[in-house]
1. Pairs to check: A:Lys308/B:Lys381; A:Lys68/A:Lys332; A:Lys332/B:Lys277; A:Lys84/A:Lys203; B:Lys73/B:Lys349; B:Lys272/B:Lys360. Give those whose C-alpha atoms are more than 23 Å from each other in this structure.
2. In terms of the Cα gyration tensor, with a ≥ b ≥ c the square roots of its eigenvalues, is the range B:247-365 rounded because a/c is under 1.5, prolate because a/b exceeds b/c, or oblate?
3. Do you know which residues of the range B:290-308 lose at least 20 square angstrom of accessible area in the protein assembly compared with their chain on its own, with a 1.4 angstrom probe?
4. Picking from A:Pro170, A:Val104, A:Leu196, whose Cα lies most toward the positive end of the charge dipole for the range A:52-244 (charges on Cβ: Lys, Arg +1; Asp, Glu -1)?
5. Considering only protein heavy atoms and a 1.4 Å probe, what is the carbon-and-sulfur percentage of the accessible area of the range B:52-244?
6. How large is the charge dipole for the range B:52-244, taken about the Cα centre, if only the Cβ atoms of Lys, Arg (+1) and Asp, Glu (-1) carry charge, to the nearest 20 debye?
7. Restrict the search to the range B:212-248; then list the chymotrypsin sites (Phe, Trp or Tyr not before Pro) that DSSP places in a loop and that have at most 15 other Cβ atoms within 10 Å of their Cβ.
8. Any idea what the dipole of the range A:247-365 comes to, in debye rounded to 20, about its Cα centre with Lys/Arg Cβ at +1 and Asp/Glu Cβ at -1?
Protein chains: 2
Amino acid sequence: MTISMVFRANSINHTPSFPNPTKTHFLSPQNLLHFYKKTPLKNHIGEFSCSSPGPVVVGLAADSGCGKTTFMKRLTSVFGGAPKADHNHQNPDSNTLITDTTTVICLDDYHLLDRKERKEKGVTALHPRANNFDLMFEQIEALKHGFPIEKPIYNHATGLLDPPELIHPPKILVLEGLHPLYDSRVRDLLDFSIYLDISNEVKFSWKIQRDMAERGHSLESVRASIKARKSDFDAYIEPQKQYASVVMEVLPTQLIPDDTERKVLRVRLIMKESGVKNFQPIYIFDEGSTISWVPCGRKLTCSYPGIKFFCGPEAYFENEVTVLEMDGEFDKLEELVYVEGHLCNVSTKFYGEVTQQMLKNCDFEGSNNGTGFFQTLIALKIRDLYEQVAMSNGVGDGVGVGSLASTK
Amino acid sequence: MTISMVFRANSINHTPSFPNPTKTHFLSPQNLLHFYKKTPLKNHIGEFSCSSPGPVVVGLAADSGCGKTTFMKRLTSVFGGAPKADHNHQNPDSNTLITDTTTVICLDDYHLLDRKERKEKGVTALHPRANNFDLMFEQIEALKHGFPIEKPIYNHATGLLDPPELIHPPKILVLEGLHPLYDSRVRDLLDFSIYLDISNEVKFSWKIQRDMAERGHSLESVRASIKARKSDFDAYIEPQKQYASVVMEVLPTQLIPDDTERKVLRVRLIMKESGVKNFQPIYIFDEGSTISWVPCGRKLTCSYPGIKFFCGPEAYFENEVTVLEMDGEFDKLEELVYVEGHLCNVSTKFYGEVTQQMLKNCDFEGSNNGTGFFQTLIALKIRDLYEQVAMSNGVGDGVGVGSLASTK
């Protein structure tokens, strides 16, 4: 453990003077003294103890309205910590979700332009020009190295940039938003990343549900909004999926011929086979083989249209991946437990943990289909990855990252 | 054990007189004194010791040229006994195959009409009228109860009925031919039965291979022969498959679009799920589910067109069956061992026994595809069934059936 005095430098060339140099160490990259060029943090933010390992950093990339919030709820549920109720008392419009273990930062907070400015300049929020990647990188790097940051807030209600909020380094840091994998510097900070790839048919039906039913928009305005975003989405958001550790594709079912209802979904989990440290793909029955599996049969009966799984090796953007696919919906618990029992490389701590998690959060969106099921599987994978990192750093479950001991 | 004196009765109403009644016992059905109405056995055939259990009786139904001989070679190979060379010295045209454990009787020996008579009466060998089911039943029943028989011989070379041969009850009795499942009395004597169901496309290509290449027939005569047999085949042979414990379907491959070569085969093993004592269907990965499996992938590479397995529950003539299917060909040993390792309910005695058997008999027809593979699997199943029967009868492997101790 290192005791550090942390200062904010006013410029990159600033030479700091240390009140007690004998207490300051410049050791590993994890314990670097950081110079915050842009963060409006007070000069001397405190004296804090910092264990070597910083947070495990997870990126979650997706368009808006694609289920990121539900995913985050499942992830924090796996880690067990309750949301900290007092965090947002300064700004109720903060986008940050904080639990005992996990902090989820919304990357919209790094918007460089507010809503009005974007409108004036004709730039969508999807365009890199509307986002401050330098600050994003600096702040995520600081958190990763165990330092607190003062992160801006993009107020979704007003469309304005609100005063910043203080964020301490958590055990698990999740960056959710449009561009967690866009900037290579930010990308290199990630231990694990997910891209939610919602097919156009499904996205349209989801947006209609959310924007029309819940927000009172018209069908035309939903269509127009999707159309307006399309070219920037294709140019700046979608290409990120090649970098993700796992991609979750959500597609129309193939079990119902000519389905237009889009209620039953076919979900594909595309998992990189190598290059992701502390992560092994999930498979069914036999690793490396191509398998399709209809669990409904003699021992399990399912109602129409049933459930179909697929698993096999594929190529994805020149990467070798394992694809796990589920088409259909669960009717009842037995189906889920039955399926769970046949998955391999699932990072559960006991038999039936996936099912237990799904039951606990059964009121979450997608609990009866592959979206909820695979979100839960990924959440367990992230917990496992975190524990492997913590183990290799020689720190137990409860002491992953140093805590701030303010001098004030 | 019972010591019996066995006599042939000249008619069903014949009252036998016993030279030493105190030595003759009329006990269980297994030890019944038998009256052979038609078997031209000498009156007093001997005094013999007879353990309670008779042979396990297996029926193998198929059209001619459908691989019965290869199947039988694989079966006897599993039981390990060498063919008895001296059996056929009396009639080299005997159709019976005898090893230490197994006797394979060809049901053509129960032809009622010889070739000339069939021609005169316009009856094919497939028609029940051309076959003596009463004698078939009587003799199989006698063998099953541990008694020797004198079985007629149909001489395939001459087309005539030759003088009978003496057949002792073996441990495993196999009835191979056109009609092992036709007569309900014979059917009821079977412990296990197999129907080889060769699709018309494949059968035609096999017959051309055998009858043209090996026997010098013309294409027209092959076609004419198939056509001539078709209506009797459909009426009297094919319906037997509903009664079989397992049906082995041989079909054109689905891996090569528009394949006309018929070299690569798709083979389906249709196994009854209930009603067959001492037999459990083989499956892959998960019993009762529907699974397709392409083992070729990351861990196993196969050349074009690869190998595809399928397994799942189906209905077959109102019976619940498990279907195991293999499409494609094995390139090399690793593929076979790899597949064997993933089969469940295979009745092997050690890991790799199926592969070992296949290697031992690699020069047999169909060793690189599902026909040879499934024949071997069935042979092991029959061995297992035999051992279960022997076990439940309280007799060890080596003492299944009583041996004849001639008084002469």
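1. On the way: A:Lys308/B:Lys381 31 Å; A:Lys68/A:Lys332 25 Å; A:Lys332/B:Lys277 35 Å; A:Lys84/A:Lys203 31 Å; B:Lys73/B:Lys349 20 Å; B:Lys272/B:Lys360 29 Å.
Violating the 23 Å Cα-Cα cut-off are A:Lys308/B:Lys381; A:Lys68/A:Lys332; A:Lys332/B:Lys277; A:Lys84/A:Lys203; B:Lys272/B:Lys360.
2. Details: a/c = 1.62, a/b = 1.22, b/c = 1.33.
The shape class here is oblate.
3. Checking the loss per residue gives B:Thr290, B:Ile291, B:Ser292, B:Trp293, B:Val294, B:Arg298, B:Lys299.
4. Among A:Pro170, A:Val104, A:Leu196, the one farthest towards the positive end of the dipole of the range A:52-244 is A:Leu196.
5. Working: 4000 of 7800 Å².
Using a 1.4 Å probe with all protein chains present, the range B:52-244 comes out at 51 percent carbon and sulfur.
6. On the way: 24 positive and 27 negative charges, 106 e Å.
Roughly 500 debye, rounded to the nearest 20.
7. On the way: sites: B:Phe233, B:Tyr236, B:Tyr243; in loops: none.
Sparse-neighbourhood loop chymotrypsin sites (Phe, Trp or Tyr not before Pro): none present.
8. Numbers: 12 positive and 20 negative charges, 60 e Å.
Its charge dipole is roughly 280 debye.
The values are calculated or read from the model by the stated rules, or taken from the named source; none is laboratory data. Only a predicted model underlies this, so the values are computations on that prediction, with no experimental measurement involved. In this analysis, Cβ positions are derived from the backbone assuming ideal geometry, glycine residues included, and neighbour counts consider all displayed protein chains. Heavy atoms of the whole protein, side chains included, go into the accessibility calculation; ligands, DNA and RNA do not. Shrake-Rupley method; radii C 1.70, N 1.55, O 1.52, S 1.80 Å.
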